[in-house]
Amino acid sequence: QQLQNTLRRVGRLECLVEPIRSTQAVLGYRNRAIIPVQERDNALKAGFFQRGSHQVVNMNHCPVLDPRLDALIEPLKADLQAAGWPIYNEDTQKGLLRQLVLRAGVSSGELLLGVVVRDDQFQGAQELAEQWMQRWPELVGVVLNVQPKPGNTLLGPKERLLAGRPWLMESFAGRRFQIGLGTFFQVHHQQAEALVDALRSELQLQSGEVLVDAYCGVGTLGLPLIQEGVRLIGIEQSRESIERAQCNALLNGLEDTDFHAGSVERRLQEFLPFTDVLLLDPPRKGLDARVCEAIREQPPARMAYVSCNPATLARDLALLCADQRFELTKVVPFDFFPQTTHIEAMAILTSSAAQL
């Protein structure tokens, strides 16, 4: 109902939203956590920010976190307290330790641990990482991430491998993926696979067609959608993600793929003239108006728009469907974040020109 109301209010769109695709996995589903660290009363506190503030609520367990990751929180806090590394202070911009990053491969069982620091000029990190690797056999790597800038940026551009390897292996929607510390990957594995199944069913890709995956990340959605005879072109701002997407394509023996680093605003129009199917999965801010206009000028036959923000989804769908350039044929919400008010949505559009 929330999504239906937003489509009407923001986009003035009258498309019946299907019932939400729910899940029974409402606890223990999150395969990733970023846990900020602060010092209070001369002790290390780690948990999540209190709503509307930068005050960390100390915790030892999180019910929605994968149990394998949840089990790491308390011993990691104890080890870091014992290590005595100075904890970063937002107000003074001094100190070292900023946050922990925990990732789990739901299918593989592999775990990856990141320690985010202001700089890497300190002792004892490698020794502690090796101890963690010995204590937890499922831990495949410990990465030191350096984030020197003040503010809310979670991860920095520089990483140093302390032990193991800088990625975990994951099986997802029939493909294998290497997932790094900062790789974007949906936090609810089961629901993300349900989304891929829905995209396959709706888009019906055929041999000889070209699928353009805008905002492709490491190929999470695009690679599972293609089969023999379908060409995949991916566009992504992050060069690191593009390199990882290329590795993932090779890992799965998918040769008819091309991945291009750059903004969708600048690169998409290069490929629209020969795009049969367009997949859009933008960040929360949605599409730039230039992207909407480029798509309207050279419309692909079929298009899927995946969104985590109903307001920007409604705004962009209204722009794309103006003057009946596209027909909005289906909108399906998914409960990607049980225990929260957030939803993910898939919208399917067909070009009016393609129907003539």
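Every read-out reported here was derived from the displayed coordinates using simple, explicitly stated rules and does not represent laboratory data. Source: prediction; values computed, not measured. Here Cβ is always computed from backbone atoms with ideal geometry, including for glycine, and neighbour counts include all displayed protein chains.
Quick look at the values:
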read-out	value
Cα→Cβ-extended label distance, 7 Å offset, between residue 165 and residue 51, nm	4.2 nm
Beta bridges per DSSP with both ends in segment 32-169, % antiparallel, nearest 5	75 percent
Percent antiparallel among DSSP beta bridges (both partners in segment 1-106, rounded to 5)	85 percent
Sum of -39500 (n - 2.57) over DSSP H runs of 4+, divided by residues of the chain (222 nm, nearest 500)	-8500 deg cm²/dmol
Segment 32-169 - charge dipole about Cα centre, Lys and Arg +1 at Cβ, Asp and Glu -1, debye rounded to 20	320 debye
12 Å cut-off, amide nitrogen to a point 7 angstrom out along residue 200 Cα→Cβ, residues in segment 169-193	172-175, 193
Whole-number percent relative contact order across segment 32-169, with pairs defined as alpha carbons under 8 Å at least 6 apart	19 percent
4 °C / 1.567 mPa s Stokes-Einstein diffusion coefficient of segment 77-209, Kirkwood radius on C-alpha pairs, µm²/s	77 µm²/s
At R0 = 51 Å, FRET efficiency that the Cβ-Cβ distance of residue 256 and residue 41 yields, to 0.05	0.30
Listed values (i) 187; (ii) 165; (iii) 139, entry calculated as volume of the Cα convex hull per residue in Å³	(iii)
Within segment 50-128: Cβ-based charge dipole about Cα centre, in debye rounded to nearest 20 (Lys, Arg +1; Asp, Glu -1)	200 debye
Check: the chain dipole with +1 on Lys, Arg Cβ and -1 on Asp, Glu Cβ, in debye	780 debye
Summed residue charge, Cβ within 14 Å of residue 23's Cβ, Lys/Arg positive, Asp/Glu negative	-2
Max mean-square fluctuation residue, GNM over the chain, Cα-Cα springs under 10 Å, options 246, 204, 99	204
Selected from 195, 161, 206, residue furthest toward positive end of dipole (segment 99-242; charges at beta carbon)	161
Among 27, 195, 112: highest mean-square fluctuation, GNM of the chain, C-alpha pairs under 10 Å	27
Within the chain, percent of DSSP bridges classed antiparallel, to nearest 5	60 percent
Most fluctuating residue given options 85, 136, 167, as computed from a GNM of the chain linking Cα atoms under 10 Å	136
Fully extended contour minus Cα-Cα distance, from residue 121 to residue 243, at 0.36 nm per residue	41.1 nm
Mean separation of Cα contacts under 8 Å (6+ apart) over length of segment 79-237, as relative contact order %	15 percent
Contour excess over end-to-end distance, with Cα ends at residue 269 and residue 107 and 0.36 nm allotted per residue	54.6 nm
Over the chain, relative contact order from alpha-carbon pairs under 8 Å, at least 6 apart, %	15 percent
